[in-house]
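Notes to accompany the following structure.
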Amino acid sequence: MDSNDLVAHSRARFDHHQARVVLRDKYQAKLNFAHKGGMFRATPEMITFLAMYHDQEIVLADSYQNPIKVNAAVLCDLMRQRWQEQMNAWLVEYDQCNGHR
């Protein structure tokens, strides 16, 4: 492999890595959503936490550290839906980026 091939290969790897970083950031941003006047982020940890308080009214700090009273089951369902939608969409784009069908 000559130096031109090495440079081309390095650039391709760097471009691929950058595309994956941009893709991750894009879908991480889409995990944020508004509910009951607060901003929340769908995460597996928050979904698990909310599942423990099924059908209870609880007070949570939103993304801006504001206390918001929510129904745990309703917020949990919204987070699960948001999480799954965004993970599925991310996987589709990730596979396209990696050359999979």
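FYI, it's all coordinate maths here, none of it is from the lab. Bear in mind that the values here come from a model prediction, so they are computed numbers and not experimental data. No Cβ is skipped: glycine too gets one built from the backbone with ideal geometry, and neighbour counts run over all protein chains shown.
Structural remarks
- When the Cα positions of GLN86, ALA51, ASN98 are compared along the charge dipole of the stretch 22-101, ASN98 comes out farthest toward the positive end, with charges on each C-beta of Lys, Arg, Asp and Glu.
- Averaging Cα coordinates gives a centre for the stretch 82-101 and one for the stretch 34-48; these two points are 21 Å apart.
- Relative to the current alpha-carbon distance between ALA19 and MET39, full extension at 0.36 nm per residue lengthens the span by 4.5 nm.
- Residue-wise HN-Hα coupling along the stretch 58-68, computed from phi with Karplus coefficients 6.51, -1.76, 1.60 (Hz; x: Gly, Pro): 9, 10, 10, 7, 7, 4, 9, 6, 9, x, 10
- Placing one equal scatterer on every Cα of the stretch 34-101 and applying the Debye formula, the log10 ratio I(q)/I(0) at q = 0.12, 0.13, 0.16 Å⁻¹ is -0.38, -0.43, -0.57.
- Ordering ILE47, ILE58 by the number of other Cβ atoms within 10 Å of each residue's own Cβ, fewest first, gives ILE58, ILE47.
- Paramagnetic label zone (point 7 Å from Cα along Cα-to-C-beta, GLN56; backbone N under 13 Å) in the stretch 68-96: 70-73
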